[in-house]
Every structure is written in C-alpha cells, then in structure tokens.
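J.: This is the structure, below, for whatever I ask next.
Computed from the coordinates by the stated procedures, all read-outs in this text should not be read as laboratory data. Keep in mind that what you see is a predicted model, and the values were worked out from it rather than measured. Counting neighbours? That spans all protein chains shown, and the Cβs are built from the backbone with ideal geometry, glycine included.
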Amino acid sequence: NRTFTTKVTRKGKSKDVTLVGGGDMLLTNSKLRSLATRTAAALRAKAPARTKGKRVVRVRLDDTRYQGAATKLKTWREGGYRLSVIQPVRSVMRASGRHQDAAASAAKYLAKQLDKKLPKAWVVKYSGRKASPRKARTVAKVRSAKVSSLVKRMLLRSDNQVAEGLHREVARARGYRPTFAAGARVATQVAKSYGVDLRKARLADGSGLSVRNTLSPRALTGVLRVIADEDNTALRPILYGSGALPVAGETGTLAKEGYYRFQQDEAHCAVGEVVAKTGSLDWERALSGLTVGEDGRLKAFSVVATKLSDYADRLAAVTTLDHVAAVVHGCADA
C-alpha cells in the first residue's frame, strides 16, 4: 500500500512556494492542477506582500531526494537512449510528454496552472531549483499510485521510468543513497536472500538498459521459481490474481495488438497459456516466464537471444522465443 508523495511547501507568508519531489515517476497534469488549486487557496489565505503594487509568487523546485545521484548511466547505449525509451531519472517526473528535465517541466507546469488560478494582479513565475526551507509547511500534496500498481505497470508495459524510480526507492528503504549502484546492490541482496543463484550475474540498473547487466537464464528462472512459490506471500501478487505479468497473445508486451506476439502457427497454441516478461534492447531479445504445461506441471523458462544485427534477425528471434514458450507449455513440437 506504499505510495510516494509530491507536495508543495511554503514558509509563512513567503512569496516562494516549493514543489518537493517524493519519488513519483508518473506525476500527471491532473495532479499538478490539483496541487495548483490547493496552493492558490493557501496563497489567498495568507497573501505575500506586494512588490511594486503586485503580489509576486515564485515557484521553486526541490528534487534533492536523489541529490548527488547520476540521472543516467554512461553504460546506456546511444549516450543515454532516446527520451522515448527513458528520461533522466529525477525524484519527480511529469508524466505528460518526454523531457530532458521532467522535474523542471513539472514545476513550470505548476507555475502556469497557479498563475491561472490567482487574480490577474498576481504574478507567478518559475524560479529554478532551491531546497524547501526547513520550517516550511505543506500547503498541498498528492500521492502516487500504490507500489503494487507501479510494479504491475512496470512488468506489464516494460516501463523503464517506473523501474528506475522503484530501483532508487528500494535503495532508500534499505538505508542506502538512491543511486544506480545502490539499487543494484539491494536487488542482488534480496534475490540472494531468496536463494536465487546469481553466480556470474551482475546488475547495473533497474531498467535493464545498461550493457553491464549480465543475467543468465539460470538466474532468471531462479527468480521465477521464487515468484511461483506460494509460501513467498510478499511476491504472490506478481503471479496470482494481479495480472502483472503479460499473458501470451493477450496483454502487455505480449499482446497481439501492437506486438503481434504468439500469432505464428508454431506458437499460437500457447495464447493465454503462458505468462512472461519480455526483454528488448537494440540487439537483444529475451523472454522469461511460467506456464502450467499440458502435463499439469508448473514450468519456468528463460531464453535470451543476443547479437541480433538487423531487423530480420530480431523478428526471427521473437518468433523463436514464442515457439520455445509453446514447446515448454507442451502444445508445440520442438
């Protein structure tokens, strides 16, 4: 039930109001308008002093929650990937559009909406980054979706932004700085605590975009076995009842629409019978999942294809991955 809170703070009758990031990777325009409405009410109730006949309001941004942490990795390809793949990671991210600085975009949008909600004699402007004053009080706040819902979105849509946000918050929850390296350290610790064999495995980030990530099919099937174990109650929602993992030919990144997965003759028999997480980088494709075979046994599988130099290779690899899943299920010949 954990959520992440984004708030606006103000000290006394100061003309400064501060948007404080709390880890929400999906701060919508609707939530920013809600913050603006409540902040406007607080400003009216305790109006700042006039400056040359006008009341000036400065919107500041405090995203120090991840202070000192790199916003992207040098080991991400293309010098950091296109913004459509992932944006630089900050402690508050405007969900609308794609931005080099989604935190500043959120603060600027808040300023614009706040300007609309205050009298015309007021002047509202974005004034850059500055930490919220120590004695400032919260005048407005909104909460993110629950962590369980964020995990579902991450797995179902392969949402890189949410993955990196949760990666940092996991590090913070364990008392580490919210860095890529700390998140990887904690993820490794947790996996090992469940008995997952991580020999020769290495994690570098939460999204899997770094070329320094090395996870073997053995490690991935180990994770899947842990998820499938009904005694691991904290992990049960991933598999049982939540629909977090894509279903072959039906949902998420394994859907027919948009992805055309499990539609070939050699794999179509497994539609609706396999749940799995996809992995797609420039020259790699992977599929790791679970299926109750036609023999009644619950089976885990993981297949990774690398060095796919052109589109034809990548298309053939995806077809093969789907076929392997159908073979594991037991409805197709090897």
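J.: Between K52 and N232, what FRET efficiency comes out of the Förster formula 1/(1 + (r/R0)^6) with R0 = 56 Å and r the beta carbon distance, rounded to 0.05?
T.: The pair N232/K52 has a calculated efficiency of 0.30.
J.: Dipole size in debye (nearest 20) for the chain around its Cα centre, Lys and Arg Cβ +1, Asp and Glu Cβ -1?
T.: On the way: 63 positive and 28 negative charges, 850 e Å.
Here the chain has a charge dipole of around 4080 debye.
J.: What is the diffusion coefficient of segment 1-102 in µm²/s, taking the Kirkwood radius over Cα pairs and the Stokes-Einstein relation at 20 °C with a viscosity of 1.002 mPa s?
T.: For these conditions, the coefficient is 138 µm²/s.
J.: For A145 and R225, what does the FRET efficiency come to when R0 = 30 Å and r is the distance between their Cβ atoms, rounded to the nearest 0.05?
T.: The formula returns an efficiency of 0.60 here.
J.: To check you understand DSSP bridge types, tell me what percent of the beta bridges within the chain (both residues inside) are antiparallel, rounded to 5.
T.: 65
J.: For R174 and Y259, what is the calculated FRET efficiency with R₀ set at 25 Å and r taken between the beta-carbons, to the nearest 0.05?
T.: That gives a FRET efficiency of 0.10.
J.: Against the longest principal axis of the chain, how steep is helix 217-228, in degrees 0 to 90 to the nearest 10, with axes from Cα atoms?
T.: 70
J.: Could you calculate the contour length gain from D295 to S309, that is, 0.36 nm times the residue separation minus the distance between their Cα atoms, to one decimal place in nm?
T.: Working: separation 14, 0.36 × 14 = 5.04 nm, distance 3.73 nm.
Length gained between D295 and S309: 1.3 nm.
J.: What is the dipole size for segment 119-180, taken about its Cα centre, with +1 at each Lys and Arg Cβ and -1 at each Asp and Glu Cβ, in debye to the nearest 20?
T.: 400
J.: Any idea what angle helix 29-45 forms with the longest principal axis of the chain, computed on alpha-carbon atoms, 0 to 90 degrees, nearest 10?
T.: Roughly 20 degrees between the two axes.
J.: Counting Lys +1, Arg +1, Asp -1, Glu -1, what net charge surrounds V196 among other residues with beta carbon under 12 Å of its beta carbon?
T.: +2
J.: Let me ask something additional. Ranking R50, R285, R82, R225 by Cβ neighbours within 10 Å, fewest first, what do you get? Don't jump to the answer; show the numbers that get you there.
T.: Numbers: R50 12, R285 21, R82 9, R225 16.
The most exposed by this proxy come first: R82, R50, R225, R285.
J.: Counting only helical runs of four or more DSSP H residues, what would the 222 nm mean residue ellipticity of the chain come to if each run contributes -39,500 (n - 2.57) and the total is spread over all its residues?
T.: Working: 8 runs with 107 residues, N = 334.
Rounded to the nearest 500, the figure is -10000 deg cm²/dmol.
J.: With contacts defined as alpha carbon pairs under 8 Å and 6 or more residues apart, what's the relative contact order of segment 148-329 in percent?
T.: Relative CO of segment 148-329 lands at 16 percent.
J.: If one takes the longest principal axis of the Cα atoms in the chain, at what angle in degrees, from 0 to 90 and to the nearest 10, does the Cα axis of helix 160-173 lie?
T.: Helix 160-173 and the main axis of the chain meet at about 70 degrees.
J.: Sort all Cα-Cα distances of segment 98-208 into consecutive 5 angstrom bins from zero, then give the percent of pairs in each bin up to the one containing the longest distance.
T.: Calculated over all Cα pairs of segment 98-208, the distribution is 2, 9, 12, 16, 19, 13, 10, 8, 5, 3, 1, 1, 0, 0 percent.
J.: Using a 10 Å cut-off around each Cβ, can you sort D282, D231 from fewest to most neighbouring Cβ atoms?
T.: Arranged by neighbour count, lowest to highest, D282, D231 become D231, D282.
J.: Also, quick follow-up: Expressed as cubic angstrom per residue, what is the convex hull volume of the alpha carbon set of segment 148-329?
T.: 116
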